[in-house]
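Worksheet: the structure to be examined is printed underneath.
The values are calculated or read from the model by the stated rules, or taken from the named source; none is laboratory data. Predicted model, so just to flag it, every value in this text is computed and none were measured. Note that each Cβ is placed from the backbone with ideal geometry, even for glycine, and that neighbours are counted across all protein chains shown.
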Amino acid sequence: MGKDELLARIEINVIQGRRNGEDEGLDEDLAGTPGVSELVEQALEEGIKAKNILLGALSTGMNQVGDKYESGEYFLPDMLTAAEAVGAAMEILEPHLLSSGVESKGRVVLATVKGDLHDIGKNIVGLMLKGAGYDVVDLGADVDSGMIIEELKRNDSDLLGLSALLTTTMAEMGKVLGDLDREGMRDGIRIMVGGAPLSEQFAEEIGADAYGRDAIAAVKIADSLVSDT
Amino acid sequence: MIDTTVGRQGVLVDPVRRLDEGQVQAVHEASLRILGDIGILCYNREASALYGGAGCLLSEEPDGSSRVKFPPDLVEDCLANAPSRVVLGAREPDNMLVLEAEEPRVRFGSGSEANIYLDMHMEEFRRVGGEEAIRHPVYERRRGSVELLCQAARLCQQLENLDFFIRTVNIQDTDIAEEDKDANKFFASLNNIDKHVMAGLTALESLDKVIRMGEIIAGGEEELRSNPVLSFITCVAKSPLQFVDDTAQKMMEIVKRGLPVVVSSSPQGGSTAPITEAGMVSQINAEIIAGITLSQLVRAGAPVLYGSVPVRARMDDLNDLYGAPEFCQYNMDCVQMARFYHLPCYSTAGVGDAVVPGVQATVEKLLSHVSIPMSGAQYVHYAFGLLEKTNVFSPDQAVLDDALIGAVKHMLVKSQIDRRTLDEAYSQIERVMDTPHKLYARYARKGIRSGEIFPPYFFETREDVDIAVLNAHERRLELLEREPHYLGEDVVNTIYDEVPGLVGRINPYS
């Protein structure tokens, strides 16, 4: 298989959302064939640069997935599986990209706030951000502001994403922002919030930089916040 | 041998049984008792003679009718003669319906002969002194006409979940004589939709003209019998328990000509039938099986549908009340009675008492759209666009109903739980539990494409104003822009040559 063909196969498998050979794609013909992980390994072995795999297969594949979503051909599960496939590829490529000086789009810290165990929304946002080329640090669910502050102190980050499903826990977001302010850290980080009971208005009230209605919006907001910094 | 896998498949349900076996048997016996002891009043001489010749007891009534009392064996023998499978053909073979009494496969269709065609357009309204406009539907009640019937049939052709067509509006054109109504209404229907077409007959004299039209479309006499692109509805009983001269004659003549016919009754609980479930069901069942008995005396083995249209009366004005729980109960029971007799059931669901589309119409329709098909009726009429107790056909409501019926059909699909699907699910759960994000979304993708996963409500609105009706209206206009499914020009020309009385304005080639 030539290099161009290999990159094309990676791209197809991103579009089909196949992390590896065990995954089903939408296209039955791909069953049992190598998925993104195996193909990326093969590409590296054949001397294709990590940057070229990222830009020439993963990004182009995700762009096509985005177009299909916009046109109504693809649904959110398709976006997520494609993002998962890109995420799997990024884990393999990361050390190669670092050593060649290629940086991710930004570092994002995600957390579902204290008192709230609902993390599916946050996980979906994480998958989508990872697929979009962000370095994602997921602190999990029921995370108190101390843990968030500790993480932000430890590692330089571009974005903080906070999630809550309950009206009783969304107020915790305001507390996190207040604590960051008291620590003198608020100006150094852009903050986006999301979750079923939230609204644009609530985000404004607590002083967040943005409210994301869903995972698709979250990626767009992340792109916009990162480009502003 | 007819292949039951051809044509529109509808949805095969695991039927809900409102009555247990003992109750079904008891209703049957109660109906036989009504027919044996009280009898019916028959105003048709030929029918009375047939009944008398077959062993019924006849006695003269003061008004000239015959009181007919039925021996139970005769009714049971005749019911056993009626076929359990009835084929309703269609211009498009993929749209034919094979109704099998033993198979609770549900199909939905339109009906029936509303006087008003409710047109609608959108207007913009502004608050006095305000800038922002809101769109709101404005309705126009139009008298039913042959052109509106053509338009309704053209729309129904495009409604994915409409399995058969019963004329939606009563044509009231002043230039169409009574004796020409049937030819015009059947042509308006058959020329604009290639699904099965069924209607009542306005004038008996028109029957042979309509049949000739069917033969031209199907390709000949034999072809029409094997692919009956049209069929008839006859409401033989005027409740309570009276067989009118005119309709009984129509039913007998249709049977003699070998075409499928619905033998129906539509009593109103509280006025023309008892309001209790027991009273309504035992009476309507008696009326229908007495009618089917007549059909089989005319011609043993004649294809008939058990036609049940029981409604309930409102208590304020004794008008029909369709959005009532009792309406659903009556109809569900009748579906079971039809199955007990091994007959396909022409049933009823989805009428709104509301005057215009909206919340009230949706609530009323949903109640019967869901419950009655759950009982496994093979042929559910009245399901599209009917409002104001069947007095109004709203094409926009028909579009809304199509979306609702799509969801109902999906909901009715039999459960797929078995060892294989449970094993697949186990393996999926096992795999997802090994991932950090615990998300099943990837496994939903194929189901979205195959139709296994139902999409959100087609007319959903995400704003703070519910504009589902407006969305449906736009959809209606879009559907009417699509290519019509007219009959071929040669066929239309032959029909115009051989069937007198057709108006020129509904000929697409003139």
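Only one of the numbered conditions (1) polar (S, T, N, Q); (2) within 30 Å of B:Cys78 (Cβ to Cβ); (3) in contact with a Cys (Cβ under 6 Å, 6 or more places away or on another chain) is violated by B:Ser371, and that is (2). Set side by side, the residues B:Ser112, B:Ser66 differ, and just one is crowded, with 19+ Cβ neighbours inside 10 Å, in contact with a strand residue (DSSP E or B) (Cβ under 7 Å, 6 or more places away or on another chain) and within 30 Å of B:Lys195 (Cα to Cα), which is B:Ser112.
You will find that of A:Ile149, A:Ile124, the residue that is under 21 Å from A:Asp209 (Cβ atoms), at pLDDT below 90 and not in a loop (DSSP other than H, G, I, E, B) is A:Ile124 and no other.
In this structure, A:Glu172 qualifies as among the acidic types (Asp, Glu) and either part of a strand (DSSP E or B) or more than 30 Å from A:Leu98 (Cβ to Cβ) (or both). With respect to (1) within 30 Å of B:Met120 (Cβ to Cβ); (2) touching an Asp or Glu at 6+ places or on another chain (Cβ under 7 Å); (3) within 12 Å of another protein chain (Cβ to nearest Cβ), the lone exception for B:Pro456 is condition (2).
Return yes when A:Asp67 is acidic (Asp, Glu), within 12 Å of chain B (Cβ to nearest Cβ), closer than 18 Å to A:Leu129 by Cα and within 19 Å of the chain's Cα centre (by Cα) and no when it is not.
no
Among the residues of the stretch A:107-118, write down those that are within 17 Å of the chain's Cα centre (by Cα) and either surrounded by 19 or more Cβ atoms within 10 Å (Cβ to Cβ) or of a type outside the set (D, E, K, R) (or both). Correct list: A:Val108, A:Val109, A:Leu110, A:Ala111, A:Thr112. Of all residues in the stretch A:91-108, those being in contact with a Gly (Cβ under 7 Å, 6 or more places away or on another chain) and of a type outside the set (Lys, Arg) number 2.
Contact map, the stretch A:206-217: residues that are of a type in the set (Lys, Arg) paired with residues that are in a loop (DSSP other than H, G, I, E, B) and surrounded by 18 or more Cβ atoms within 10 Å (Cβ to Cβ), Cβ distance under 9 Å, separation 6+ or inter-chain. Pairs shown: A:Arg213/A:Leu198. Here A:Asp158 fulfils each of the conditions (1) in contact with a helix residue (DSSP H, G or I) (Cβ under 9 Å, 6 or more places away or on another chain); (2) of a type outside the set (Gly, Ala, Ser); (3) surrounded by fewer than 16 Cβ atoms within 10 Å (Cβ to Cβ) apart from (3).
Scanning the stretch A:73-101 for residues that are outside any helix (DSSP H, G or I) and at pLDDT below 90 yields A:Ser100, A:Gly101. A:Gly161 passes all but one of (1) of a type outside the set (S, T, N, Q); (2) within 14 Å of another protein chain (Cβ to nearest Cβ); (3) in a strand (DSSP E or B); which number fails? Single failed check for A:Gly161: (2).
Results for (1) touching a strand residue (DSSP E or B) at 6+ places or on another chain (Cβ under 8 Å); (2) closer than 18 Å to B:Asp119 by Cα, shown as yes or no for each residue.
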| site | (1), (2) |
| --- | --- |
| B:Tyr346 | yes, no |
| B:Gly352 | yes, yes |
| B:Val355 | yes, yes |
| B:Val370 | no, no |
| B:Gln378 | yes, no |
| B:His381 | yes, no |
| B:Asp396 | yes, yes |
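A:Leu129 meets all of the listed conditions (1) of a type in the set (A, V, I, L, M, F, W, C); (2) assigned to a loop (DSSP other than H, G, I, E, B); (3) under 30 Å from A:Arg18 (Cβ atoms) but one, namely (2). Taking the stretch B:10-53 as the search range and keeping residues that are loosely packed, with under 14 Cβ neighbours inside 10 Å and in a loop (DSSP other than H, G, I, E, B), which one is nearest to the chain's Cα centre (by Cα)? Step by step, filter the stretch B:10-53, then rank; the result is B:Asp14. In the condition set (1) within 19 Å of the chain's Cα centre (by Cα); (2) farther than 13 Å from B:Gly269 by Cα, B:Pro310 is compliant with all but (2). Put simply, of B:Val356, B:Val392, B:Val363, B:Val335 the only residue that is β-branched (Val, Ile, Thr) and closer than 30 Å to B:Ala26 by Cβ is B:Val335. Among residues of the stretch A:21-44 being surrounded by fewer than 16 Cβ atoms within 10 Å (Cβ to Cβ) and closer than 14 Å to A:Ala85 by Cα, the one that is farthest from the other protein chains (Cβ to nearest Cβ) is A:Glu41. Please verify whether the stretch B:498-506 includes one or more residues that are within 28 Å of B:Glu215 (Cα to Cα), among the acidic types (Asp, Glu), in contact (Cβ under 8 Å) with a residue 12 or more places away in the chain and surrounded by fewer than 16 Cβ atoms within 10 Å (Cβ to Cβ). Within the stretch B:498-506, one or more residues are within 28 Å of B:Glu215 (Cα to Cα), among the acidic types (Asp, Glu), in contact (Cβ under 8 Å) with a residue 12 or more places away in the chain and surrounded by fewer than 16 Cβ atoms within 10 Å (Cβ to Cβ).
Looking across B:Lys438, B:Lys446, one residue alone is surrounded by fewer than 16 Cβ atoms within 10 Å (Cβ to Cβ) and in contact with a helix residue (DSSP H, G or I) (Cβ under 8 Å, 6 or more places away or on another chain). It is B:Lys438. When A:Met1 is tested against (1) away from chain B (no Cβ under 12 Å); (2) part of a helix (DSSP H, G or I); (3) modelled with pLDDT under 95, just one condition goes unmet, and that condition is (2). Taking first residues from the stretch A:112-128 that are facing chain B (nearest Cβ under 10 Å) and partners that are crowded, with 19+ Cβ neighbours inside 10 Å and assigned to a helix (DSSP H, G or I), the Cβ contacts under 8 Å between residues at least 6 apart in sequence or on separate chains come to A:Ile124/A:Leu80; A:Ile124/A:Ala215; A:Ile124/B:Ala441; A:Leu127/A:Leu80; A:Leu127/A:Ala83; A:Leu127/A:Glu84; A:Leu127/A:Gly87; A:Leu127/A:Ala215. Within the stretch B:406-446, how many residues are of a type in the set (A, V, I, L, M, F, W, C) and within 12 Å of chain A (Cβ to nearest Cβ)? Looking only at that region, the number is 4. If I filter the stretch B:307-319 down to residues being crowded, with 22+ Cβ neighbours inside 10 Å and not aliphatic (A, V, I, L, M), which single residue comes out as farthest from B:Met374 (Cα to Cα)? Of everything passing the filter in the stretch B:307-319, B:Arg312 is farthest from B:Met374 (Cα to Cα). Restricting the search to helices (runs of 4 or more DSSP H) fully inside the stretch B:125-235 and requiring at least 1 residues that are over 24 Å from the mean Cα position of the chain (by Cα) gives B:207-218, B:221-226.
What residue, among those in the stretch A:135-146 that are away from chain B (no Cβ under 12 Å) and within 23 Å of A:Ala82 (Cβ to Cβ), is modelled with the highest pLDDT?
Of everything passing the filter in the stretch A:135-146, A:Val137 is modelled with the highest pLDDT.
Looking at (1) part of a loop (DSSP other than H, G, I, E, B); (2) away from chain B (no Cβ under 14 Å); (3) more than 14 Å from the chain's Cα centre (by Cα), which is the only condition A:Ser104 fails? Of everything listed in (1) part of a loop (DSSP other than H, G, I, E, B); (2) away from chain B (no Cβ under 14 Å); (3) more than 14 Å from the chain's Cα centre (by Cα), A:Ser104 misses just condition (3). No other residue among A:Ala57, A:Ala82, A:Ala132 is within 14 Å of chain B (Cβ to nearest Cβ), crowded, with 21+ Cβ neighbours inside 10 Å and in contact (Cβ under 8 Å) with a residue 40 or more places away in the chain apart from A:Ala82.
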